[in-house]
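The values are calculated or read from the model by the stated rules, or taken from the named source; none is laboratory data. Here the structure is a predicted model, which means the values were calculated and not measured. Heads up, the Cβs are rebuilt from the backbone with ideal geometry, glycines too, and the neighbour counts pull from every protein chain shown. All accessible areas refer to the heavy atoms of the entire protein, side chains included, with ligands and DNA or RNA removed. Shrake-Rupley method; radii C 1.70, N 1.55, O 1.52, S 1.80 Å.
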Amino acid sequence: MSHAGEGVFSFSPATYQGREAFSYRLVFRSNGIIESIYRMRDTINCYYSTDYSLIHSAKHTNEGGYYLIDELTFTRTNGRTLVHSRRYTPDKVKIDTTLTVASGSVSDMLGSIFFLRTLDWERLETDRTFPLSVAVGRDVVKAVFRYQGEALVKHGKVTYNTHHFLIDISDEAFTQTKSAAELWVGNDENHLPIKVRSKLKVGYAEVMFNHATQLKAPMNCVVKTEK
């Protein structure tokens, strides 16, 4: 498979509107042959409260010279979640609306991976499902994570022990609702995403874990390293 680019995740203490918070950030840039054909510079920055509730998400998309910003602000009241969604370019506001989710967990696309990291890993059972609503532009997309048990994932010379999830996503960008994406999360206290695979209208996208620094615990999910 072609190496299209590199993504860097970070999670760190932060301040949001004068309050203590956490910042969960993804920076992606294309490289190799993809860089010469279609240059991409994407950044997603999420702010979470100290109880790990998503407060604000901002995605800056810079692809092939086209610049777009998506902002989502989350407010929770009386069991409902209101999501103020704004999408705009430097010249024009394309979306400015408020979405309402009556109940359940709500996130943005990046936060859906963080959502899995908050599960009670001691009580996972095969075929158990975890519903999640994902705010995207004018819509609230329904997603369901289905736990498939433990699985070994090999990347290069390293083999990881992971928790495997299938993801059902109701969105036209995916070729099918059932098993539209898959996620393998490291089976240790860090719960790092080791592999992500998404089925698209044309082909699929796959992301593999490379390395990490300043982890809270040893990477005990590494079960074999070849010389």
* Asked: For segment 138-159, which residues satisfy the criterion of being under 14 Å from Trp121 (Cα atoms) and among the charged types (D, E, K, R)?
  -> Arg146, Glu150
* **Subset tally (residues that are without any contact (Cβ under 8 Å) to a residue 24 or more places away in the chain and not in a strand (DSSP E or B)) for segment 116-134** => 8
* To do: Hey, can you tell me all the residues within segment 76-108 that are in contact (Cβ under 8 Å) with a residue 12 or more places away in the chain, β-branched (Val, Ile, Thr) and open to solvent by less than 60 Å² (accessible area, probe 1.4 Å)?
  => Thr81, Val83, Thr89, Ile95, Thr97, Val101, Val106
* Structure fact -> Given the conditions (1) open to solvent by 50 Å² or more (accessible area, probe 1.4 Å); (2) modelled with pLDDT under 90; (3) not in a strand (DSSP E or B), every one holds for Lys142 apart from (3)
* Asked: Looking only at residues in segment 197-227 that are within 18 Å of Phe165 (Cβ to Cβ) and modelled with pLDDT of 85 or more, which one is most open to solvent (accessible area, probe 1.4 Å)?
  -> Phe209
